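Take a look at the structure set out below.
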Amino acid sequence: HVVDAPRRSKNGGVKKGQVLLHGGDFEVDGVSYINRTLEEMKAEFEYWKKSWEEDSACLELKEKLQVLSGVENVIFLGMGSLQSSRREGRRASATQLAALQTIASSLGEGKGLKVTLQDPQYTALDKDFLTSLGYGVLEDPDAFKEIGEGSLVYAIHCYAKVYKAVSDGRRPKVLIGTDVGNFGRFNL
């Protein structure tokens, strides 16, 4: 079983004596990432977006959103980096982003729905890519301040402390997230 191998850059590749990280090109705070260009990130996202749009879950989400009204903004927490050294991590992040686009287009057609994203693992390239899509990107924990009664909070597979922070603040209109029963009680 091969886990994403280190990628060689176009400007010389791996240098002699350079220590390679397990499956990545660089590491930040113990998280391994791959080097890529904005164009490579866009191409991979488009691949996973097409896969999402062909999935029955996309249609099911659109159907559920038809009955929802009064959403003023979307706060997306914990997507993960599109530069993750783990291919499965990039797939999950890209699929969540594609689902976010489904949500935003279903709820905000013609309304200019404000969408804000936050994840402490975003790289500068992640932020550039997300802002190129028209989204706002905030540093952790600033997005929690944006949550209000008209908010849809989209937080899939986040840590319990993220859901606790949402529950401790102003109540959103909708929370799409992991079943908190998976975490037991919020005894943090």
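The values are calculated or read from the model by the stated rules, or taken from the named source; none is laboratory data. On a predicted model such as this, the values are computed, not experimentally measured, just so you know. Note: ideal-geometry Cβ built from the backbone for every residue, glycine included; neighbour counts use all protein chains shown. We work out accessible area using only protein heavy atoms, side chains counted, and drop any ligands, DNA or RNA first. Shrake-Rupley method; radii C 1.70, N 1.55, O 1.52, S 1.80 Å.
Quick notes
- Pairs with Cβ under 8 Å, 6+ apart, first in the stretch 63-75 and buried (at least 20 other Cβ atoms within 10 Å of the Cβ), second part of a loop (DSSP other than H, G, I, E, B) and of a type in the set (Gly, Ala, Ser): VAL71/GLY150; ASN73/GLY148; ASN73/GLY150
- Taking the numbered list (1) closer than 21 Å to TYR122 by Cβ; (2) modelled with pLDDT of 90 or more; (3) not in a helix (DSSP H, G or I) in turn, GLY148 passes all entries but (1).
- The lone exception for LEU130 - which of (1) open to solvent by 10 Å² or more (accessible area, probe 1.4 Å); (2) under 20 Å from ASP29 (Cβ atoms) it fails: (1)
- Inter-residue pairs, beta-carbon under 9 Å, first under 10 Å from GLN83 (Cβ atoms) and in the stretch 30-50, second of a type in the set (Val, Ile, Thr) and open to solvent by less than 40 Å² (accessible area, probe 1.4 Å), 6+ apart: TYR33/THR123
- Some residue of the stretch 22-37 being under 30 Å from GLY150 (Cα atoms), modelled with pLDDT of 95 or more and surrounded by 13 or more Cβ atoms within 10 Å (Cβ to Cβ): no
- Residue match in the stretch 83-92 (condition: touching a strand residue (DSSP E or B) at 6+ places or on another chain (Cβ under 7 Å), of a type in the set (Lys, Arg) and either open to solvent by less than 50 Å² (accessible area, probe 1.4 Å) or modelled with pLDDT of 95 or more (or both)): yes
- ALA160 being closer than 16 Å to PRO120 by Cβ and modelled with pLDDT under 90: yes
- Here SER93, SER85, SER132, SER105 are screened, and the one residue that is free of Cβ contacts under 8 Å to residues at least 24 places away in the same chain, at negative phi and over 13 Å from the mean Cα position of the chain (by Cα) is SER105.
- Counted as qualifying within the stretch 30-143 are the strands (runs of 3 or more DSSP E) with 2 or more residues that are hydrophobic (A, V, I, L, M, F, W, C), namely 73-77, 114-118.
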